[in-house]
1. Taking 0.36 nm per residue of sequence separation and subtracting the Cα-Cα distance, how much length would be gained by fully extending the chain between Glu200 and Arg29, in nm to one decimal?
2. To the nearest 500 deg cm²/dmol, what mean residue ellipticity at 222 nm is calculated for the chain from DSSP H runs of n ≥ 4 alone, each contributing -39,500 (n - 2.57), summed and divided by the residues?
3. Which one, [x] 119; [y] 135; [z] 270, gives volume of the Cα convex hull per residue in Å³ as derived from the coordinates shown?
4. With a cut-off of at most 15 other beta carbons within 10 Å, and DSSP calling the residue loop, which trypsin sites (Lys or Arg not before Pro) in the stretch 1-73 qualify? Please list them.
5. Each label point is 7 Å from the Cα along the Cα-to-Cβ direction; what then is the distance between the points at Ala237 and Ala41, in nm?
6. May I ask you to give the percent of accessible area on the chain that is carbon plus sulfur, with a probe radius of 1.4 Å?
7. Mean separation of Cα pairs under 8 Å and 6+ residues apart, divided by the residue count of the chain: what relative contact order is that in percent?
8. Scan the chain and note any complete DSSP helix (H) whose C-alpha atoms cover at least 15 Å along its axis and whose Kyte-Doolittle average is 1.6 or more.
Amino acid sequence: MTTGVRRRMGVEERRQQLISVALELFSHRSPEDVSIDEIAAAAGISRPLVYHYFPGKQSLYEAALRRAADELAGRFVEPREGPLGARLLRVMGRFFDFVDDHGPGFSALMRGGPAVGSSTTTNAMIDEVRQAAYEQILAHLGITDPPARLALVVRSWVSLAESTALIWLDGRKIPRAELELQLVHDFAALAAVSAAYDEEMARILLDILALEPADGLFAELVVRLGALAPPPAPAPAPAPETVPGQRSPSPWP
């Protein structure tokens, strides 16, 4: 019979362990509802030892948030191959994977809960995630210096994805897969509306659509919208032909 001996961790290894433990707890409950005592117990160390590595819960929260922010930003990285619609759908799948895994923590972060609002550092990290998503979408479009309307479309879409995820977390009343597809269609719709007002956006949209297959995701949106249109009115019946000099048949008996 052998007895297990607890291995002594180095400083950085212990810090990373505490960050992992805190992130796991913050993922299931709002950060303000998690105590240092709980974090210490989950890590198998004493409360004073937690303070040896982090001055307080806020600094530990920021470290956990830094890791989560880096991971979330990485969810928008996608090889620039194939149709844009399919790429965006894969991105949305990974984005909602993160939201699903870190629900309460994601909600508290994006809604600016008490733990978040007390630090400009956390707000800056949130902005970093949004900026990373924005830059990744522009990279997919192959555009480094976007015109104003395209910048507005992409930033609006990133905000829409964020708010959609927050609403979805409140009860998960809509199937996740439907929302992921809907957000891809939302991007196309935003771009199309902007293209109706601006020639440069129209050219960008046409370039996007030129690379989409006939049965691709953006084509599916056109089919869905077409199904909402009322059927065309029946053509009027042609008038009966008459022989010259012959009176038209009377409609009355």
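The values are calculated or read from the model by the stated rules, or taken from the named source; none is laboratory data. Everything numeric here is computed off the predicted structure, so don't read it as measured data. All Cβ positions, even for glycine, are placed from backbone atoms using ideal geometry, and neighbour counts span all protein chains on display. Please note that ligands, DNA and RNA were not included when accessible areas were found on the heavy atoms of the full protein model with its side chains. Shrake-Rupley method; radii C 1.70, N 1.55, O 1.52, S 1.80 Å.
1. Full extension from Glu200 to Arg29 adds 57.0 nm.
2. The helix contribution divided over the chain gives -21500 deg cm²/dmol.
3. Identified label for the calculated read-out: [z].
4. Sites meeting the loop and neighbour criteria: Arg6, Arg7, Arg8, Arg29.
5. Output for this residue pair reads 8.4 nm.
6. The value for the chain is 58 percent carbon and sulfur by accessible area.
7. About 19 percent, as a whole number.
8. 217-228
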